[in-house]
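Trainee: Here you go, one structure.
The values are calculated or read from the model by the stated rules, or taken from the named source; none is laboratory data. All values derive from a computational prediction rather than experimental measurement. Virtual Cβ from ideal backbone geometry, glycine too; neighbours counted across all protein chains shown. Only protein heavy atoms, including side chains, enter the accessible area calculation; ligands, DNA and RNA are left aside. Shrake-Rupley method; radii C 1.70, N 1.55, O 1.52, S 1.80 Å.
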Amino acid sequence: MTSLWPIAARLMSPELGDSSQDLSDLIGCVYDTVLDSSSWTGVIEKAMQFVGGIGASLYTKNAALPSGHAHHVIGIAQEYQDSYFSKYVAFDPTTTGQFFAEVDEPIGIEDVLPFSDFTETRFYREWAQPQGLVDCLSTVLDKSVTNVAMFGVFRHVRDGVADDAARHRLRLLAPHIRRAVMIGRIFDLKTSEAATLADTLDGLSVGLFLVSSQGRIVHANAAGHALLDSADILRAVSGRLVAADGQADRTLRDAYAAAAQGDEALGTRGIAVPLMGQDETRYLAHLLPLTSGARRDAGLTRSAAAALFVRKAELSVASPPEVISKAFKLTPSELRVLLAIVEVGGVPDVAAALGVAETTIKTHLGRLFEKTGATRQADLVKLFAGYSTPLIA
């Protein structure tokens, strides 16, 4: 391993060992952000310390522009935060790989390209290296047609690139961050602003059910009662919330019981349980545990183990870069060059932008021509434009 990656002074065991309580406490703090979004900065600092790094961020990126926004960030100076999304996001070689990463699965520099190639890029020389950064271990929280929401931990040269222990820790934490972010989008509530959480949730347009560990309905808001009245995807049976689909019902019952055992016990279960109506309308159910932390003291009756949010599922459509990549079997490097040609221009400009030799760009360009059947760079631009139109079937 190159000298840029010195062994960290203290490695964290993948088995967690004495850190299991730290994980449990951290997960509790993650879920408390649903009630108080202002606590995210402190939470991502704790997550950074747990995973191992010098900075962390909750951020979104747009593949089409390219652009993005850091919603919560620590450890990165403001000038570098500003320059990243105003300039360097277009040159970041990890961006392409992040759009194709599996949800909740950690992705770092070496998952996208060899570290030796990374150090040749303009992004590394002008943005990462001046800060002493060698990696950003990220995980995808959610995707849309052009956007991806992520949580990432920045690694300093003294820590080295992300190792197995860091990946293991982020993998444990990722589903909980994802669940908290998704539910947090449904409502933005500070506990001090509500006499009772249940009263406030009555105003939500999504279905909301407070349930016990056995699935008994403790409370349902107006939208929740409407779902029960239709008896399409959910119904009340002897006071218990039951999903029409047998498999979904078993998943939800397991999630209720796990929620009662604490935040950590819920694990990856119940993040997004799909439900389908008789007319094939799709819904998603998201579970928030209510047995610890600020959620326990938010004015809820103690008999509720979890809050279940049910909403119509949004149409999931692959982004244009993802469609092109799959259609022509492009590697991340080839796709990155294609996107740069569309955004930047010819070979010299692309090479300068990506910080690599023109011969390297020409090699990738030749492979792009071979795989797509294009013969000119202008053809590649037209190809991308064709896949970007909303009229594509």
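Trainee: Within segment 252-280, track down each residue that is open to solvent by 40 Å² or more (accessible area, probe 1.4 Å), free of Cβ contacts under 8 Å to residues at least 60 places away in the same chain and closer than 23 Å to Arg185 by Cα.
Mentor: Across segment 252-280, the qualifying residues are Arg269, Pro274, Met276.
Trainee: For residues that are surrounded by fewer than 18 Cβ atoms within 10 Å (Cβ to Cβ), assigned to a helix (DSSP H, G or I) and not small (Gly, Ala, Ser), scanning just segment 7-41, find the one that is modelled with the highest pLDDT.
Mentor: Thr41
Trainee: Another one. Do we have any residue at all in segment 98-107 that's open to solvent by less than 50 Å² (accessible area, probe 1.4 Å), of a type outside the set (Lys, Arg), over 19 Å from Thr139 (Cα atoms) and modelled with pLDDT under 90? Steps first, please.
Mentor: So the first thing to find is which residues in segment 98-107 are open to solvent by less than 50 Å² (accessible area, probe 1.4 Å), and the list is 98-99, 101, 104, 106-107.
If we keep only those that are of a type outside the set (Lys, Arg) as well, we get 98-99, 101, 104, 106-107.
After this cut, where a residue has to be over 19 Å from Thr139 (Cα atoms) as well, the list is none.
Looking for residues that are open to solvent by less than 50 Å² (accessible area, probe 1.4 Å), of a type outside the set (Lys, Arg), over 19 Å from Thr139 (Cα atoms) and modelled with pLDDT under 90, one finds none in segment 98-107, hence no.
Trainee: Identify the single condition in (1) surrounded by 19 or more Cβ atoms within 10 Å (Cβ to Cβ); (2) under 22 Å from the mean Cα position of the chain (by Cα); (3) part of a helix (DSSP H, G or I) that Leu113 does not satisfy, given that it satisfies every other one.
Mentor: All conditions are met except number (3).
Trainee: Right, next: Tell me, which strands (runs of 3 or more DSSP E) lie completely within segment 200-241 with 1 or more residues that are out of contact with any Pro (no Cβ under 8 Å at 6 or more places or on another chain), over 15 Å from Leu275 (Cβ atoms) and in contact (Cβ under 8 Å) with a residue 24 or more places away in the chain?
Mentor: 207-211, 217-220
Trainee: Out of the residues in segment 50-94 meeting the condition of being open to solvent by 10 Å² or more (accessible area, probe 1.4 Å), part of a helix (DSSP H, G or I) and touching a residue at least 40 places away in the same chain (Cβ under 8 Å), tell me which one is nearest to Leu113 (Cα to Cα).
Mentor: In this case the residue turns out to be Thr94.
Trainee: Select from segment 135-161 the residues that are among the β-branched types (Val, Ile, Thr), in contact (Cβ under 8 Å) with a residue 60 or more places away in the chain and buried (at least 21 other Cβ atoms within 10 Å of the Cβ) and list them in ascending order.
Mentor: First pass over segment 135-161, keeping only residues among the β-branched types (Val, Ile, Thr): 139-140, 145-146, 148, 153, 157, 161.
Keeping just the survivors that are in contact (Cβ under 8 Å) with a residue 60 or more places away in the chain gives 145-146, 148, 153, 157, 161.
Passing the criteria: Val148, Val153.
Trainee: When you scan segment 116-134, how many residues do you find that are under 17 Å from Gly75 (Cα atoms) and buried (at least 16 other Cβ atoms within 10 Å of the Cβ)?
Mentor: From segment 116-134, those under 17 Å from Gly75 (Cα atoms) are 127-134; that's our starting set.
Next, only the ones that are buried (at least 16 other Cβ atoms within 10 Å of the Cβ) stay: 127-128, 131, 133-134.
Total satisfying the criteria: 5.
Trainee: Here is a further query. Name the pairs: first residue in segment 350-371 and farther than 19 Å from Val89 by Cα, second residue polar (S, T, N, Q) and buried (at least 19 other Cβ atoms within 10 Å of the Cβ), Cβ to Cβ under 7 Å, at least 6 apart or on different chains?
Mentor: Correct list of pairs: His364/Ser333.
Trainee: Based on what the data block shows, is Gly207 at pLDDT 95 or above and either touching a Phe, Trp or Tyr at 6+ places or on another chain (Cβ under 9 Å) or buried (at least 23 other Cβ atoms within 10 Å of the Cβ) (or both)?
Mentor: Numbers: at pLDDT 95 or above: no; either touching a Phe, Trp or Tyr at 6+ places or on another chain (Cβ under 9 Å) or buried (at least 23 other Cβ atoms within 10 Å of the Cβ) (or both): yes.
It is false that Gly207 is at pLDDT 95 or above and either touching a Phe, Trp or Tyr at 6+ places or on another chain (Cβ under 9 Å) or buried (at least 23 other Cβ atoms within 10 Å of the Cβ) (or both).
Trainee: Hey, can you tell me all the residues within segment 228-249 that are farther than 17 Å from Leu284 by Cβ and open to solvent by 20 Å² or more (accessible area, probe 1.4 Å)?
Mentor: Leu228, Asp229, Ala231, Arg235, Ala236, Val237, Ser238, Gly239, Arg240, Gly246
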